[in-house]
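Let me begin by presenting the structure, written as structure tokens, before commenting on it.
The values are calculated or read from the model by the stated rules, or taken from the named source; none is laboratory data. The structure displayed is predicted, hence computed values, not measured ones. In this analysis, Cβ positions are derived from the backbone assuming ideal geometry, glycine residues included, and neighbour counts consider all displayed protein chains.
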Amino acid sequence: MKKSILIVEDYPEAGATFKELLELLGHEVEWVVNGQSAMQKLNDGAFDLVFMDLNLPDMHGLVLLKQVQDKRLGPNTRFIAVSGHSAKDAAAVEATKVFDHYLEKPIDLAVLNRILSSTA
């Protein structure tokens, strides 16, 4: 099923590659490079999924998620934390408590497919 997806990733190669992969899988994808741009996109429209890097240049992903929740944006949107940190890292452990899913970089395609399938 085609999904509307927002990627929040400041690293150009990672963002472009992830966007291309999701588009090849048949999804509509938008990509932004910071938290402010993500807030604007979420204010402007609804997304099924938001893949959010935790370490953004203007704010931490946990702060961005809190702002989104406070404004009640995307009530049906699933938020996936994306990070190069191990799931055992303190920030990652905190992220797993508030995000719908946690995805480690480099992205495991099997895990990505499970996330995409579970949000049908």
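Annotations
- Number of positions in segment 68-106 that are under 16 Å from LEU6 (Cβ atoms) and modelled with pLDDT of 90 or more: 10
- Filtered residue count, segment 9-46, keeping only those that are aliphatic (A, V, I, L, M) and part of a helix (DSSP H, G or I): 8
- Hits in segment 110-120 - residues which are surrounded by fewer than 11 Cβ atoms within 10 Å (Cβ to Cβ) and either part of a helix (DSSP H, G or I) or modelled with pLDDT of 90 or more (or both): ALA110, SER117, SER118
- Close pairs from segment 20-45: first within 13 Å of LEU116 (Cα to Cα) and buried (at least 17 other Cβ atoms within 10 Å of the Cβ), partner among the small types (Gly, Ala, Ser) and modelled with pLDDT of 95 or more, Cβ under 8 Å, at least 6 apart: HIS27/SER4
- Check on SER37, of a type in the set (Ser, Thr, Tyr), at pLDDT 85 or above and in contact with a Lys or Arg (Cβ under 8 Å, 6 or more places away or on another chain): no
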